[in-house]
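For reference, the structure is listed below as structure tokens.
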Amino acid sequence: MIYLDYAATTPVDERVLAKMMPYFRDSFGNPSSIHRLGQKAEAAVDEAREKVAAVLGCRSDEVIFTSCGSEADNLALRGAMMAHKDSTKWLLTAKTEHHAVSKTAIQLEKEYGFPLEWLDVNEHGMVTVESLKKAVCNNTTLASVMYANNEIGTINPISDLAQIAKANHILFHTDAVQAAAYLDVNVNKLGVDLMSLGGHKFYGPKGVGALYVRKGTKLMPHLTGGGQEFSLRAGTHNVPYIVGFAEALHLAATERVERIAHVQPMRDHIIGSVLETIPDSKLTGHPEQRLPNHASFIFKDVDGNLLLQMLDAAGFACSSGSACKTGNPEPSEVITALGHSREWALGSLRITLGADTTAEHVESFLKSLPSLVEKARLINHR
């Protein structure tokens, strides 16, 4: 199997796993315990928090560990809006967001009465400065715009958008779950108040994430109990996973240049080859402002899920967009937000590269894909 689905998840880096292992058995204490085993575990969590803070360029007490990127998104949106529940406040986001943001926003509107406004995106799925300027008003509390889109790879101008929010005294959150593997996540350069991360997107373990919360930002905790994570996220610390998350983020930051140099030429080759060799194919997402490992397409009159099954049978692991949506027979909200008709939107394919991808893998994929698309198209026409 040739794995081309690194946006869905990545294998745990061996160096990350080595850092995690002692905390499963040898140093298994609860960080909340007073005895020496607890103190050792607490020190590991503190060290991990400092390591994450160093990458983000923030204070260590602004880092909140969560179970995943989705939980971090939920804490950011629910926490910020519920902290302002005594007044009617608006929430701004886009339909191109991950469901952890968009569905949370919809629930906040339906169940709690927070007015929701959808930000416009351009043909590349990008939220522009003009779109945010048009939407902000005196009653806006929070704007949430993802750093890089998981389905189409488009990178949003986060620092410019955050400046607009700041000028209007609006909190700004970005879902950086997909971005952290390849982009600078220094929160002061970006200017964000809240930022979500997920460990398994950059060779860390599944089941751990983090939320950056700028000092002074009011949040209502969504898990109550103990006083862990500065009373914003109760629950016993998952020490080995937190340690692994921090090491993986550290490696992603220190090796960013080399990792980009590895994947970007192969990504460009895939984009050029697919558009040249497959009729009725379109690139989705921005042609230049996109993640360096991310190539995504739509094919006219093709069932994307059928194409994925054919690719799997041929030995290639790809996806049709978000791993949280794969298998759904309806077009992705992200693709339809770009203005594509159903006959195009159903035929989406995402190819994402990573550390173990080779030029030989790419050539094998490009050799197989045109005939598989043609076959899927013929079946669709029956």
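Tabulated values for the structure
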quantity: Any chance Ala44 is out of contact with any His (no Cβ under 8 Å at 6 or more places or on another chain), assigned to a helix (DSSP H, G or I) and of a type outside the set (Val, Ile, Thr); calculated: yes
quantity: Sole exception among (1) β-branched (Val, Ile, Thr); (2) under 21 Å from Glu47 (Cα atoms); (3) in contact with a strand residue (DSSP E or B) (Cβ under 8 Å, 6 or more places away or on another chain) for Thr254, by number; calculated: (3)
quantity: Count of residues meeting criterion [part of a loop (DSSP other than H, G, I, E, B), surrounded by fewer than 21 Cβ atoms within 10 Å (Cβ to Cβ) and in contact with a Leu (Cβ under 8 Å, 6 or more places away or on another chain)] in the stretch 298-317; calculated: 2
quantity: Criterion violated by His98 - all others in (1) of a type outside the set (A, V, I, L, M, F, W, C); (2) under 18 Å from Leu211 (Cβ atoms); (3) surrounded by fewer than 16 Cβ atoms within 10 Å (Cβ to Cβ) satisfied; calculated: (3)
quantity: Members of the stretch 47-61 found to be touching a residue at least 24 places away in the same chain (Cβ under 8 Å) and either in a helix (DSSP H, G or I) or farther than 20 Å from Pro221 by Cβ (or both), listed by number; calculated: Glu47, Ala48, Arg49, Lys51, Val52, Ala54, Val55, Leu56, Gly57, Asp61
quantity: Yes/no for Ala295 being small (Gly, Ala, Ser), under 30 Å from Asp61 (Cβ atoms) and either touching a Gly at 6+ places or on another chain (Cβ under 6 Å) or not in a loop (DSSP other than H, G, I, E, B) (or both); calculated: no
quantity: Flag if Gly285 is small (Gly, Ala, Ser) and either in contact with a Lys or Arg (Cβ under 8 Å, 6 or more places away or on another chain) or buried (at least 17 other Cβ atoms within 10 Å of the Cβ) (or both); calculated: yes
quantity: Ser131 vs. criteria surrounded by fewer than 17 Cβ atoms within 10 Å (Cβ to Cβ), part of a helix (DSSP H, G or I) and of a type in the set (Gly, Ala, Ser); calculated: no
quantity: Residues being part of a loop (DSSP other than H, G, I, E, B), more than 16 Å from Leu116 (Cα to Cα) and in contact with an Asp or Glu (Cβ under 7 Å, 6 or more places away or on another chain) - total across the stretch 62-97; calculated: 0
quantity: Per-region count, the stretch 145-161, residues surrounded by fewer than 24 Cβ atoms within 10 Å (Cβ to Cβ) and either in the same structural domain as Ala295 (by TED's automatic domain parsing) or outside any loop (DSSP other than H, G, I, E, B) (or both); calculated: 3
quantity: Pair list, Cβ < 7 Å and 6+ apart or interchain, from the stretch 164-177 residues that are at pLDDT 95 or above to residues that are assigned to a loop (DSSP other than H, G, I, E, B) and charged (D, E, K, R); calculated: Leu171/Asp193; Phe172/Asp193; His173/Asp193; Asp175/Glu97
quantity: Unique match (being touching a Gly at 6+ places or on another chain (Cβ under 8 Å), among the aliphatic types (A, V, I, L, M) and outside the structural domain of Ala148 (by TED's automatic domain parsing)) among Val274, Val187, Val263; calculated: Val263
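For every residue, the table says whether it meets (1) in contact with a Leu (Cβ under 7 Å, 6 or more places away or on another chain); (2) surrounded by 18 or more Cβ atoms within 10 Å (Cβ to Cβ); (3) of a type outside the set (Gly, Ala, Ser).
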| residue | (1), (2), (3) |
| --- | --- |
| Tyr3 | no, yes, yes |
| Glu14 | no, no, yes |
| Phe24 | no, no, yes |
| Asn30 | no, no, yes |
| Arg36 | no, no, yes |
| Glu47 | no, no, yes |
| Ala53 | no, yes, no |
| Cys58 | no, yes, yes |
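The values are calculated or read from the model by the stated rules, or taken from the named source; none is laboratory data. These numbers were taken from a predicted model, which means no experiment stands behind them. Don't worry about glycine lacking a Cβ; one is built from the backbone with ideal geometry, like all the others, and counts go over all protein chains shown.
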